[in-house]
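Below you'll find the structure, written out as structure tokens, and then a few comments.
The values are calculated or read from the model by the stated rules, or taken from the named source; none is laboratory data. Keep in mind it's a predicted model, so treat the numbers as computed, not measured. Here the Cβ is made from the backbone with ideal geometry for all residues, glycine too, and neighbour counts use every protein chain on show. Surface accessibility is based on the protein's heavy atoms, side chains included, excluding ligands, DNA and RNA. Shrake-Rupley method; radii C 1.70, N 1.55, O 1.52, S 1.80 Å.
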Amino acid sequence: MLVWLVRVVGVVWLATVLLVAVGTYAPRLPVIGFLGSFVTGQYPLHAALGALAGVGLGALAWGLGSARFGVVVGALALVATVGLGAVLVDQARTARAEGADVDWWAALTVLGQPDGRPDRTEQYGVDELGRPLRLDLYRPAGPGPHPVVVWVHGGSWVRGERDDRTALNRWLADRGTAVVSVEYRLPPPSPVGEGQRRDVAAAAAWAVAHAAEEDLDPARIVLAGQSAGATLAISTTAGILDGDLPGAPTPRAVVAYYPATDLRLVDRSLQNAVLGGRAAQYPEEARASSPVDLVRPGLPPTLVVLGSADHFVFPDRVLAYDRALRDAGVPGRLVEVPHADHVFDYPFGSPGAQATRPAVAAFLAEHAGVRTP
């Protein structure tokens, strides 16, 4: 009975580990590629330890008399362990290139976003139905005036919460940057594209209006976000520069975690939600919402962060967008996390999150004059 149980567990365990390992190195395979890159983007240490446990199952099967089965399971699990271990090496190398060493205990244990405990929550506006829109302020402890990151959450323009990166927001505040994390309108009703840009701009204007009482620097505003929020940060910046969003401060810089770069290429349902219909029907709104159409000289410095195996915004599109920025003379850089998919940074302890935070801090220090405590 025990031998049979070990065999069943060994087969299931090994199949799971091999699916993750194969998907990690072949991210374009249907389903398997997404599984592999998602796991190794967010939980690569857990995947490697799981593969190593498969070696132990093989050894156990050998000890129980199933020598051939034990050798097969152990050998395949060992190959997967080496492959997944190489992911850890690659991601640790990326972190070191940004001046950080990965905390492997945090990678193992910090699996989400610990509560960053914002210092203040305020209503800054309402949507078209009169529903309140709120923001969270994360304030540095030291004397200011502090630069401000206006953080825009993701969620494909139709969902999401302003506390989606609450631990990151507190981390930035602890290093001298105030953070205003924005709740913006979501459908229904649709379309929301122009309204969402107005909301982000209004939150930035709130930071300026309350600069004196909160010890903020109204001349050092940075727009930042992830996924759809990154796209909104980029398009709102362009709208401010074009004069379409009067009253909002001109951003000093932009931080964009894996932005969707072209609204013409997203799902039809999302085009309907953002634009009010197909992009072809609303070319001006599609242009105003699509970073690829907004590239030009004179944009503020822009940091782009990307997972090399992103299945939602597709790395080739983001890489092309980054090249277009640099060709236009826009300062900044791209940081790419190997083997990582979309939202690889949601676990605060993931190696990818640990690797990219120092890059963001260095970028803010250079372009927003952040003085770390």
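Just a few scattered comments:
- Relative contact order (%) - criterion: Cα under 8 Å, at least six apart; region: segment 181-323: 25 percent
- Protein heavy-atom surface of the chain, 1.4 angstrom probe: 61% of the accessible area is carbon and sulfur, with nucleic acids and ligands not counted.
- DSSP bridge analysis restricted to the chain gives an antiparallel fraction near 30%, rounded to the nearest 5.
- Computed 3J(HN,Hα) for segment 77-86, one whole-Hz value per residue from the Karplus formula 6.51 cos²θ - 1.76 cosθ + 1.60 where θ = phi - 60°, is 5, 5, 4, 5, 4, 5, x, 6, x, 5, glycine and proline marked x.
- Using the Cβ-Cβ distance between Arg287 and Val8 with R0 set to 56 Å, the FRET efficiency from 1/(1 + (r/R0)^6) comes to roughly 0.50.
- Each of the peptides 177-187, 254-264 was scored by the mean count of other Cβ atoms within 10 Å over its residues; in descending order, highest first, they stand as 254-264, 177-187.
- For Val337, the residues whose amide H sits under 5 Å from its own are Leu306, Gly307, Ser308, ignoring neighbours fewer than 5 places away on the same chain, with H placed 1.01 Å from N.
- Assuming charge only on the beta carbon of Lys and Arg (+1) and of Asp and Glu (-1), the dipole of the chain about its Cα centre is about 780 debye to the nearest 20.
- Each label point was placed 7 Å from the Cα along the Cα-to-Cβ direction; for Asp316 and Arg28 their separation is 0.6 nm.
- Protein heavy-atom accessible surface, 1.4 Å probe, per residue over the chain: 41 Å².
- Ranked by the mean number of other Cβ atoms within 10 Å of their residues, highest first, the peptides 33-45, 320-332 come out as 33-45, 320-332.
- Signed unit charges on C-beta, dipole axis of segment 1-103, positive-most listed residue Leu88, Ser66, Val102: Ser66
- Solvent exposure ordering (accessible area, 1.4 Å, most first) of Val79, Val8, Val73: Val79, Val8, Val73
- Per-residue packing, averaged as other Cβ atoms within 10 Å, sorts the ranges 52-58, 124-130, 287-293, 238-244 into the order 287-293, 52-58, 238-244, 124-130, beginning with the highest.
- In sequence order, calculated HN-Hα J values of segment 29-45 (Karplus, 6.51, -1.76, 1.60; Hz; x Gly/Pro): 5, x, 6, 4, x, 5, 4, x, 6, 5, 5, 6, x, 9, 9, x, 5
- Principal axis box of segment 14-154, alpha-carbon based, largest edge first, Å: 68, 39, 28
- For the pair Leu108 and Asp267, the difference between a 0.36 nm per residue extended length and the Cα-Cα distance amounts to 53.8 nm.
- 3J(HN,Hα) along segment 174-186: 5, 10, x, 10, 5, 10, 10, 9, 9, 9, 10, 4, 10 Hz, from the Karplus curve 6.51 cos²θ - 1.76 cosθ + 1.60 with θ = phi - 60°, whole Hz, x for Gly and Pro.
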